[in-house]
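Written out below as structure tokens is the structure these notes cover.
The values are calculated or read from the model by the stated rules, or taken from the named source; none is laboratory data. Note that the structure is a prediction, hence the values are computed from the model and not measured. Note that each Cβ is placed from the backbone with ideal geometry, even for glycine, and that neighbours are counted across all protein chains shown.
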Ligand code: HSE
């Protein structure tokens, strides 16, 4: 299986390493022989139709901050050129989420689908802004589109709701879908001011380069869009979400909630409407997780409410979700 990898940041590199370390097992258990034939980052590209050497790729990135010096001659093929010209079966999109126009990820995904490639995206931007039309494009071109890592990182939230609860009708759900704001609110519940809690989260590397994505609830809203489309069959995008972030929460609000055995959490909910906002949650509710954890409670018609909890971010965790999607694509595409 030939793969084009868009982006070679933390997640892209973790995925490449995972492919290398799991190669024998992937072949023995799933008959899967993945080959990275093209990789690009903001500095340049690396291409080899017979498969790139992953250790060499990682070294190039480490020494030159780009894969462009993978071979002696610098490769300046642009991402779009690679997606439009290189032969591959699967495209993996890991460039940064952008909620203004979803580019460049949106173009990578749409062009790859038009060329008949299956697509895996951990980039939330294109899904948040164009989920319904991307699903249509995938169906029209008879390709598979998977995005497990966009919600919950390595925690299989989408898979749980879609597959483990098959036959059920999910009527509503509530989730803590952003680890950074959960970490900040947890710190505040332990007595820190908002500014100190944000500073601590930044120092630990949790906060997105554009802090607004976390603090103003954009990241949580993007995940809510994905869940609403995939799990509830809605056809919605970012503007359909009512969104309030955590910037206005102060220590008095937190203390007041604690007095009622509750904690304030940034909750993404799907019930009568789609909302992201800070809410008081009882501390004994399974949803009330602390630190950077994510949690989501699905309520279904016959089987009650179930909560799934796990780490919602991280390079290796998200890379493991890409591998899951790749195995799924392998299984689905060989059925036909
Ligand atoms: N900024 C996100 C979070 C990263 O804090 O959960 C994972 O999507």
When you scan the range 77-164 for helices (runs of 4 or more DSSP H) that lie fully inside it, which ones turn up with 2 or more residues that are at pLDDT 95 or above, touching a strand residue (DSSP E or B) at 6+ places or on another chain (Cβ under 8 Å) and under 23 Å from residue 236 (Cβ atoms)?
105-114, 124-140
For the range 90-108, state whether one or more residues are touching a helix residue (DSSP H, G or I) at 6+ places or on another chain (Cβ under 8 Å), within 16 Å of the ligand (Cβ to nearest atom) and closer than 22 Å to residue 273 by Cα.
yes
Just wondering, is there one or more residues in the range 308-331 that are within 23 Å of residue 168 (Cα to Cα), within 16 Å of the ligand (Cβ to nearest atom), in contact with a helix residue (DSSP H, G or I) (Cβ under 7 Å, 6 or more places away or on another chain) and not in a helix (DSSP H, G or I)?
yes
Can you find even one residue in the range 29-41 that is at pLDDT 95 or above, over 18 Å from residue 75 (Cα atoms), in contact with a strand residue (DSSP E or B) (Cβ under 9 Å, 6 or more places away or on another chain) and outside the structural domain of residue 209 (by TED's automatic domain parsing)?
yes
Using the structure shown, decide if residue 137 is in contact with a helix residue (DSSP H, G or I) (Cβ under 8 Å, 6 or more places away or on another chain) and under 25 Å from residue 212 (Cβ atoms).
no
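Within the range 58-65, can one find any residue that is touching a residue at least 12 places away in the same chain (Cβ under 8 Å), out of contact with any helix residue (DSSP H, G or I) (no Cβ under 8 Å at 6 or more places or on another chain) and surrounded by 19 or more Cβ atoms within 10 Å (Cβ to Cβ)?
Going residue by residue through the range 58-65, those that are touching a residue at least 12 places away in the same chain (Cβ under 8 Å) are 58, 60-61, 64-65.
Cutting the leftovers down to out of contact with any helix residue (DSSP H, G or I) (no Cβ under 8 Å at 6 or more places or on another chain) gives us 64-65.
Imposing the further condition that a residue be surrounded by 19 or more Cβ atoms within 10 Å (Cβ to Cβ) reduces the set to none.
So far as the range 58-65 goes, no, none of its residues is touching a residue at least 12 places away in the same chain (Cβ under 8 Å), out of contact with any helix residue (DSSP H, G or I) (no Cβ under 8 Å at 6 or more places or on another chain) and surrounded by 19 or more Cβ atoms within 10 Å (Cβ to Cβ).
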Kindly indicate which of 201, 222, 197, 189 is within 11 Å of the ligand (Cβ to nearest atom) and more than 17 Å from the chain's Cα centre (by Cα).
201
If we scan the range 164-175, do we find a residue that is surrounded by 24 or more Cβ atoms within 10 Å (Cβ to Cβ) and in the same structural domain as residue 283 (by TED's automatic domain parsing)?
yes
